[in-house]
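Enquirer: Let me begin by handing over the structure; questions about it come next.
The values are calculated or read from the model by the stated rules, or taken from the named source; none is laboratory data. Fair warning: this is a prediction, and the values are worked out from it, not measured in the lab. FYI the Cβ positions are ideal-geometry reconstructions off the backbone, even for glycines, and counts take in every protein chain you see.
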Amino acid sequence: MSGTGQPGAQVEVKDKDGTSLGTTTVAEDGTWSLTPTSDLAKGPNQLTAVQTPKDGGETSEATATITVNVVDQLAVSGPTAGSTVTTDKPVVTGTSEPKADITITDKDGKVIGTTTANAKGEWSITLPAQPNGLVEITVTDEHGQKVDHSFTVDVAAPIAELVITGPKEG
C-alpha cells in the first residue's frame, strides 16, 4: 500500500480492529509505501493510516477501503508428479479459482485438453491417447498461472487370447 504525507513523518497503518500492519517513514518527495506485516483478508479491508510528524506536531489520519482479490492457486492433484499410470488416456485433475478456464498443452505447446473449473474450483480433463513414456504437460488458467507437470504412461501390451490349436480330436 502507498500514499502521500509530510516528508519525514511516521505513518502507521492499522486495520479496522486497530491492529498495526506496519510503520514507515514518508520520503523527502512526500510519498510512502508499506508492505503489511500480515496478510489482508480476501475482500474489502478498511485501513487507517495515522501520520505523526517528525517534529511531534499534530497527528492526522486517512481511511481507505482496499479490496483484496486473491486468485486461488492453480494446482495439479493427479496423476501425482513423477508417477506412472497404466492407461493411455490419463485423467488430469486439479484445483483453481472457481469457474476458471483451464487449458492443458503438451511439451510442444499443442492444446490437448480444456475445461472449466466447477464452483468449488475443481477440474478434471481426460487426455487423448498418450504413447508409453514420459508425458510432459503445462496446465494454464485464465489468469495466466502455469504449472508444469509430468508423469509416465506405461500401458502393457494386450495379452493375446489363449487358444488351443491341437491336437485335433479324432
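Enquirer: Which count do you get for residues in segment 1-47 that are more than 30 Å from the chain's Cα centre (by Cα), under 16 Å from T63 (Cα atoms) and loosely packed, with under 13 Cβ neighbours inside 10 Å?
Expert: Total meeting the criteria: 1.
Enquirer: Which residue out of I102, I164, I112 is at pLDDT 90 or above, of a type in the set (A, V, I, L, M) and more than 17 Å from the chain's Cα centre (by Cα)?
Expert: On inspection, the qualifying residue turns out to be I112.
Enquirer: Additional query: So, L40, is that one touching a strand residue (DSSP E or B) at 6+ places or on another chain (Cβ under 9 Å), of a type in the set (A, V, I, L, M, F, W, C) and assigned to a loop (DSSP other than H, G, I, E, B) or not?
Expert: Judged against the criteria, L40 is a match.
Enquirer: What tally of residues in segment 1-37 results from selecting those that are closer than 21 Å to T67 by Cβ, charged (D, E, K, R) and not in a strand (DSSP E or B)?
Expert: Going through segment 1-37 one residue at a time, the tally reaches 3.
Enquirer: Can you list the strands (runs of 3 or more DSSP E) lying wholly within segment 56-170 that have 3 or more residues being free of Cβ contacts under 8 Å to residues at least 12 places away in the same chain, surrounded by 12 or more Cβ atoms within 10 Å (Cβ to Cβ) and in the same structural domain as P44 (by TED's automatic domain parsing)?
Expert: Passing ranges: none, list empty.
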